[in-house]
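Let me begin by presenting the structure, written as C-alpha cells, before commenting on it.
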Amino acid sequence: MSGSAAASALAAMYLKDKVLVEDSFNHLTAGALQTLDDKLYQEYNCRHITDDGSRDDCHLILAKACIRRIAHRCLDKYARLQSSKEVVEDALQFYTLPMELQEQLASKYGTPPPTTWYESLDQLKSLSTTEDVYDQGKLWRLILDHPMTSYVPVQCQSCGHVVPDQYPTQQTDAEVGLREIAPTGDELELRAGWFRGPRKAVVFEMTCKGCNAVSKWYRSGHPQILLNPNKWGRLCGDQEDLRLTLAEYLNIPVRLTVPLDWDHVWSEYSSGSSTWQVQDNSARNFCCRLDEGIGSWTRVWAIHSNPEWCKDVTRDYLTIQQNGGRADNNIDDKRMKRYEKITKDARLDKSGDLTQAKTVNGYVLLRANLSHDSITEELQRAVRDFGTKKWWELNNDDKS
C-alpha cells in the first residue's frame, strides 16, 4: 500500500471511530498500537507491502500521526492559554496571599510583604531592573524560581495531607480517599490531564485520610485557578500552563518542551539570543532522572507556534553544555553513554514496559525509521498545518 493510501485509510478510520483513535493516540500503549495496526491491516486493507520494499507505509503514517497529534495537542494548549492582559491581571490580584506566604516572600526577596501575586510580580520586576535597565532574562529566572509558579502536590486543602500521585498506582483512588464527581458547571476551564494516570476532564473529591476534611480539586488552564495559593494542587503540566500564560503576558519568548513516554513537561526560554535556556535544574539535567528507577523517556521535543522554534532536541538533553547541550558539565562521558543506552533500549521496546508512562511513542518512530531531522521536519510541518488541517489529515502526496 502506498503512503497516500495509508494516509487515506487513517483518515477513514478516524471518521468512522473517532473515540477509539483519539484514545489510542492519547495514551499509546502497546495494546493501543496493536489495535491501530490491526484495523489498518485488516479492516482497511493496509498490508506489509511497500513501494520500494524498504519500509512499511502504514508504520510511517502512524509515526507521522503520532508526531502531529503531540504537536497539535501542544498548540491547542498555547491557543487555550491566550488569556487577555485584563484576565491575567485580575487573576494576579484575585487572592489575598496567606500571611505565612507573605512573610516567606518578604524574607526571600528582601521586600515588603506582598498581599497579592500582582504586588509580588511588581517586586520581581523591580529586582530585575538595575539603573533603569530592565533585564528580561533575570525576571524570567526569578519567576521560574518563585512560589507563584512552583509545583504544589494535590493535597487536603485543610491540613495539607498529600494524595500520592503514582503511576502505575500502588493504591486505588478509593484507598487514598479520592473519587471522581460530576462537574457543577461553576468550574473555570475544566480540562483533561494526567493525575495518577491519564484522566478525562473530571472533578475530584478528596476525603482526607489524615483529618477527614473534604476538598475538591480539578485541572484547569485558567490563571485564576492556577494562581490559587490555598493548598490548590499545581502539577507540572499546570506549572507550565501558568508559565506560558505569564510569558505571554510579559512578552517573554518561551517554548514548550515535551519528553516522549514520560509524564512531564517544562519550558525553555530565550533572552534575546539565538540560544534556548533551561532554568530548572531538574529539567536541564533531565537525563539524570533516568536513575530514578521508574522507567525511561525516549525522546524530547521543543514545540512552539513558530515552526522554526520546533525541533527534536533529544541529543541536546543527552549532551553536556560544554559540548553544546543542556546538561551540566559535571556529568561524565561514561554516565552519559549509559543514559543514551537506556533511552535507546526504551525506543527498541515494543511493549512499553521500559518507559515511565508505559507507552510506545518512541518505538513507533523507530520502527518507521525516522531520524532526528525527519522528526523535526514533521514537527514543523504539523505546526504549519495547525488550524488548516487536523492532526489525522496527513498529506496524501507525502511519501518522505
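Quick one: in the chain, what % of C-alpha pairs are over 28 Å apart? It works out to 52 percent of all Cα pairs. Rounded to the nearest whole Hz, the Karplus-based 3J(HN,Hα) values (6.51 cos²θ - 1.76 cosθ + 1.60, θ = phi - 60°) of the range 117-128 follow the sequence 4, 4, 5, 5, 5, 4, 5, 5, 4, 5, 5, 9, with x at glycine and proline.
Need one word for the range 1-142: rounded, prolate or oblate. Basis is the Cα gyration tensor (sqrt eigenvalues a ≥ b ≥ c); a/c below 1.5 gives rounded, then a/b vs b/c decides. Prolate. Each residue was assigned an accessible area with a 1.4 Å probe, and for SER150 the value is about 40 Å². For the chain, carbon and sulfur atoms together expose 47% of the accessible surface, with a 1.4 angstrom probe and every protein chain in place. For LYS200, the lysines whose Cα comes closer than 28 Å to its Cα, not counting residues fewer than 8 places off in the same chain, are LYS16, LYS18, LYS39, LYS64, LYS77, LYS209, LYS216, LYS231, LYS350, LYS358, LYS389, LYS390. One decimal place: the segment GLU175-LYS341 gains 56.0 nm when fully extended, by the rule 0.36 nm per residue minus the C-alpha distance. Highest GNM mean-square fluctuation among ASP186, ASP165, ASP56, for the chain modelled with Cα contacts below 10 Å: ASP186.
Dipole size of the range 220-352 about its Cα centre, with +1 on Lys/Arg Cβ and -1 on Asp/Glu Cβ: approximately 280 debye, rounded to the nearest 20. Annotation for the range 102-133: GluC sites (Glu not before Pro) lying in DSSP loop with at most 11 further Cβ atoms inside 10 Å of their Cβ are GLU131. Looking at the range 186-333, the accessible area is 37 square angstrom per residue; that uses a 1.4 Å probe and ignores ligands, DNA and RNA. Please give me the summed charge of the neighbours of GLY177: other residues whose Cβ is under 13 Å from its Cβ, Lys and Arg +1, Asp and Glu -1. Taking every Cβ under 13 Å from that of GLY177, the sum is 0.
Which whole-number percent is the relative contact order of the range 90-129 (Cα, under 8 Å, 6+ apart)?
Once normalised by length, the contact order is 40 percent.
Only DSSP H runs of four or more residues enter the estimate; each adds -39500 (n - 2.57), and after division by the residues of the chain the mean residue ellipticity at 222 nm equals -12000 deg cm²/dmol.
For the options LEU28, LEU127, LEU36, a Gaussian network treatment of the chain with springs between C-alpha atoms closer than 10 Å singles out LEU127 as fluctuating the most. Accessible-area rank, largest first, for ARG219, ARG315: ARG315, ARG219, with all protein chains present and a 1.4 angstrom probe.
Please compute the length gained on full extension between ASP373 and ALA192, using 0.36 nm multiplied by the number of residues separating them and subtracting their Cα-Cα distance. It would help to have the intermediate numbers written out before the result.
Values: separation 181, 0.36 × 181 = 65.16 nm, distance 3.13 nm.
Gain on extension, ASP373 to ALA192, equals 62.0 nm.
Residues of the range 252-269 with backbone nitrogen within less than 15 Å of a virtual label 7 Å along the Cα-to-Cβ line of LYS125, please, listed as ranges. It comes to 252, nothing else. In terms of its C-alpha gyration tensor, the range 300-400 has an oblate overall shape, because the principal axis ratio a/c (a ≥ b ≥ c, square roots of the eigenvalues) is not below 1.5 and a/b does not outweigh b/c. Using a cutoff of 8 angstrom between alpha carbon atoms and counting only pairs six or more residues apart, the relative contact order for the chain works out to 20 percent. When only the Cβ of Lys, Arg, Asp and Glu is charged (+1, +1, -1, -1), the dipole of the chain relative to its Cα centre reaches about 660 debye. As a length-normalised measure over Cα pairs under 8 Å and 6 or more apart, the relative contact order of the range 158-253 settles at 23 percent.
The values are calculated or read from the model by the stated rules, or taken from the named source; none is laboratory data. Quantities reported herein were computed from a predicted structural model and do not represent experimental measurements. In this analysis, Cβ positions are derived from the backbone assuming ideal geometry, glycine residues included, and neighbour counts consider all displayed protein chains. Ligands, DNA and RNA are excluded from the accessible area calculation, which covers all protein heavy atoms including side chains. Shrake-Rupley method; radii C 1.70, N 1.55, O 1.52, S 1.80 Å.
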